[in-house]
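Just so it is clear, none of the values below were taken in a lab; they were calculated from the coordinates. Everything numeric here is computed off the predicted structure, so don't read it as measured data. Neighbour counts run over all protein chains shown; Cβ positions are idealised from the backbone, glycine included.
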Amino acid sequence: MNVLRQLFHHAEGSIRRGLFPAHGFNRKRKRKKSISPKDDALLAEAYCSLIPLYLKEFEANNVSEAFLAEYFELNPILFEGCSPGRGGEVDLEPVILNVERLPETGRIEAINMVFSDLLSRLHELHSVSVSPERSEEALVQGFTQIRNRYTDSPLAFDILRHLPKGILEEERIALLPRDELEMRVRERTRKLTELNLALQKEIEERMEAERTLERQAEELARTNAELEQFFFIASHQLQEPIRNIVSYSQLLKRRHEDYFNEEADTFMTFIVEGGLRIQDLVNDVRVISQVNTHGRPFEPVDCTKLVETVDVQIRNKYKERKPSLSYESLPTVMGDRKQLYRVFIHLVDNAVKFCDAPIPRIYIRAETGEQDYRFLIRDNGIGIDPEYFERIFLIFKRLHTDRDYPGTGAGLALCKKIVGRHGGKIWVESGGEGKGSTFCFTLRKTEDGG
């Protein structure tokens with residue numbers, strides 16, 4: 001076996017034992033490389049330090065100093081200024097200087113070539129051979145000499161802790177001593193423990209937040225149910241006294257009309273109109289409060305037929321204005337037929353009511369989305385300032401007086417409540433006053449309770 005191959009084989013074990021100094025390992029490596037003694041220039045010096053040890057072997061095999069001196073002269077790459085002395089002693093300083101002058105690129109290859117040639121010549125001429133055990137022993141002694149020479153240099157495992165990222169992690173671990181590995185394991189365990197505790201804390205906080213959210217959702221649902229029940233009861237209880245006020249006021253006016261002067265007659269008219277308006281408001285509150293509690297189960301609703309019914313109702317209500325209602329074929333959705341009718345009839349009625357044009361024109365169509373249908377009801381009405389896009393959907397929040405446009409201001413709030421029950425959203429689009437409006441709302445394609 002080639003002695004150099006034996007040396008390369010045993011060198012890795014020497015590094016693991018910390019015998020090989022790390023001088024030179026701190027060079028930046030621009031690409032991934034396997035760590036091997038022949039990859040570092042210091043290995044050349046280690047080989048040179050083996051010369052006196054091998055010379056003793058050669059001397060024992062009757063290798064003449066003259067042969068070595070002649071060979072040194074023929075190979076000045078390493079041996080310029082170097083000559084073997086008695087007892088196999090060789091001055092290593094010239095060899096070290098020669099090694100340092102060699103360019104890093106190809107340095108190891110040149111040294112290997114010289115040693116290979118030297119050992120093969122010795123083997124051929126003098127049958128010199130070195131056992132693997134002796135090779136390892138010699139290499140260890142050489143590395144030990146270098147380590148002793150560089151007492152202030154860190155050993156291999158000291159540098160390996162800070163190797164560049166180009167060095168593979170498994171190679172770093174393979175070259176670290178046991179205590180260093182144990183320290184890294186403890187450090188990694190500590191970090192994992194900290195991460196685990198932090199993760200566990202985060203999970204607990206998230207679970208607590210979810211529980212809090214569930215409690216709040218349940219409380220909100222309970223509060224909404226209580227409010228709806230309150231509105232329903234209150235509106236129901238208010239209807240009778242309000243009805244009595246209106247009825248008896250009208251009765252009083254009819255029976256005692258002769259006793260009323262013009263001023264009293266006006267006051268009585270205000271009472272009746274106010275009572276009727278209160279009746280409408282209370283009735284709207286009652287209807288809104290019943291959207292979720294008194295709604296019908298969802299069923300397939302043909303929106304085209306629904307709008308046909310709305311068309312008939314609107315034409316009968318506004319015969320003199322002759323509104324024009326156009327619509328395409330509309331989809332069938334799952335919903336409460338009665339409630340959806342309220343949405344369409346109210347939006348179309350508003351389109352006619354809030355229109356100053358001679359002929360109100362309303363156009364209804366639907367767009368298909370991934371999970372829902374988007375209905376659009378466009379008109380040529382008075383339009384809406386973008387400032388009030390949100391306000392108009394609040395109950396009893398009106399933009400106009402009752403004298404200008406009759407109503408309670410609860411219709412759009414009712415539409416929003418119904419669309420919300422069907423899992424949709426409602427909004428308005430308009431270019432401003434005098435530019436008409438488009439009311440949009442979505443309805444899901446699939447059944448979702450009800």
Name the strands (runs of 3 or more DSSP E) wholly inside the stretch 335-433 in which the number of residues that are within 23 Å of Lys322 (Cα to Cα) and free of Cβ contacts under 8 Å to residues at least 40 places away in the same chain is 1 or more.
-> 361-368
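Criterion first (among the hydrophobic types (A, V, I, L, M, F, W, C), assigned to a helix (DSSP H, G or I) and under 17 Å from Met334 (Cα atoms)) does Val307 satisfy it? Explain how you work it out, then say what you get.
Working: among the hydrophobic types (A, V, I, L, M, F, W, C): yes; assigned to a helix (DSSP H, G or I): yes; under 17 Å from Met334 (Cα atoms): yes.
Answer is yes for this residue.
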Number of positions in the stretch 258-303 that are in contact with a Phe, Trp or Tyr (Cβ under 8 Å, 6 or more places away or on another chain) and part of a helix (DSSP H, G or I) = 7
